[in-house]
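Below: one structure, written as structure tokens.
The values are calculated or read from the model by the stated rules, or taken from the named source; none is laboratory data. What you see is a predicted model, and the numbers here were worked out from it, not measured in a lab. Positions of Cβ are generated from backbone atoms using ideal geometry, with glycine treated the same way; all protein chains shown enter the neighbour counts. Accessible surface is based on the protein model in full, side chains and every heavy atom, while ligands, DNA and RNA are left aside. Shrake-Rupley method; radii C 1.70, N 1.55, O 1.52, S 1.80 Å.
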Amino acid sequence: MLPANAKIVKCPFCGERKELLNLASGNTFGAKHWSDQKMIAPMLPRVSPVQKCPACGKYYLEYKQHYKEGDDWSSERGELSYQEWKEAYEQLKADKSIKRDDMQVIRHHIIMAFNDEYYRNSDTPAPAREEAFFVEIINVYIASNKWNSQNMLFKAELYREAGEMKKCEEVLSQISTKSMKEFELKIYDMIKAKMTNGDKKVFQIC
């Protein structure tokens, strides 16, 4: 991993500047991959696509902001907690200028952040209220996404994480395993086994 000079972005609401991590190069050595599509790569850290302004507390899409290069590097990624992702979602979904694809990115990050909060880093059962919100986000994500043979396995996984085991089974039954690569077949079998056991927790793939 080779850091570059920081990206300096400006809050579109109050003008507060923020220095963010910028990489000249990186790699996926030692990366961990999870069933919710989260990748944790020590040598390829990523800046959060949504940033929280440290001054006014509002949220904005990082890629939409004009930026300039700093004089030195920064390790700041602007990572959000699960509760902050929820706040960002409430703010940004009311903004009519936010595109559908951007909202899908936000929903996906809420899914991953929920798993971080309750399952990936601990084994604390989610409160019923949070569980209901999580399931709602998954259902909206599924309804808003374009599904094809390339990503149907992820659709099945999302239904499993939502506890919708029958829907997970229906999607899996629509997937042909004949042309699957060995790695994809491994994931398919893991999803199916956990579905059969009624297990809805996110799991590490490799």
0 to 90° range, to nearest 10: angle between helix 128-144 axis and the chain longest Cα axis: 90
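At a Förster distance of 22 Å, what's the computed FRET efficiency of residue 150 paired with residue 192, Cβ-Cβ distance as r, to 0.05? Present the calculation step by step, with values, prior to reporting the outcome.
Numbers: r = 19 Å, r/R0 = 0.86.
That pair, residue 150 with residue 192, gives E of 0.70.
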If I measure Cβ to Cβ between cysteines in the chain, which ones have no partner under 4.7 Å? 168, 206
Output ³J(HN,Hα) for the range 75-87: one whole-Hz value per residue in order, computed from phi by the Karplus curve 6.51 cos²θ - 1.76 cosθ + 1.60 with θ = phi - 60°, and x for Gly and Pro. 9, 5, 10, x, 5, 9, 6, 4, 5, 5, 4, 5, 4
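Considering only protein heavy atoms and a 1.4 Å probe, what is the carbon-and-sulfur percentage of the accessible area of the chain? Intermediate results must be reported in sequence, preceding the final value.
Numbers: 5720 of 11760 Å².
Carbon and sulfur atoms account for 49 percent of the accessible area of the chain.
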Quick one: net charge of residue 47's neighbours, Cβ under 14 Å, K/R +1, D/E -1? +2
Expressed as a whole number of Å, what is the distance separating the alpha-carbon centroids of the range 82-117 and the range 44-62? 12
Whole-Hz couplings from phi, Karplus 6.51/-1.76/1.60, listed for the range 10-27; x for Gly and Pro: 10, 4, x, 9, 10, x, 4, 8, 8, 8, 10, 3, 9, 10, 7, 6, x, 8
Under-5 Å amide H pairs with residue 79, H placed in peptide plane, nonlocal only: 48
Where a ≥ b ≥ c are the square roots of the eigenvalues of the C-alpha gyration tensor, would you call the chain rounded, which needs a/c under 1.5, or, failing that, prolate if a/b is larger than b/c, or oblate? prolate
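Using a 1.4 angstrom probe, figure out how much accessible area the chain has per residue, in square angstrom, rounded to the nearest whole.
Working: 11760 Å² over 206 residues.
Heavy-atom accessible area per residue stands at 57 Å².
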Percent RCO, i.e. relative contact order, over the chain, from Cα pairs under 8 Å lying at least 6 residues apart: 19
Using the structure shown, list the pairs from 52/200; 32/186; 99/155; 38/186; 7/96 with a Cα-Cα distance above 19 Å, or answer none. 52/200; 99/155; 7/96
Dividing the mean separation of Cα pairs under 8 Å (6+ apart) by the residue count of the range 84-152 yields a relative contact order in percent of 32
Apply the Karplus parameterisation 6.51 cos²θ - 1.76 cosθ + 1.60, with θ equal to phi minus 60°, to every residue of the range 149-166 and state each ³J(HN,Hα) to the nearest whole Hz, in sequence, with x for glycine and proline. 4, 7, 10, 5, 5, 5, 4, 4, 5, 5, 4, 5, 5, 7, x, 8, 5, 5
What is the angle, in °, between the Cα long axis of helix 182-196 and the longest principal axis of the Cα atoms in the chain? Nearest 10 is fine, range 0 to 90. 70
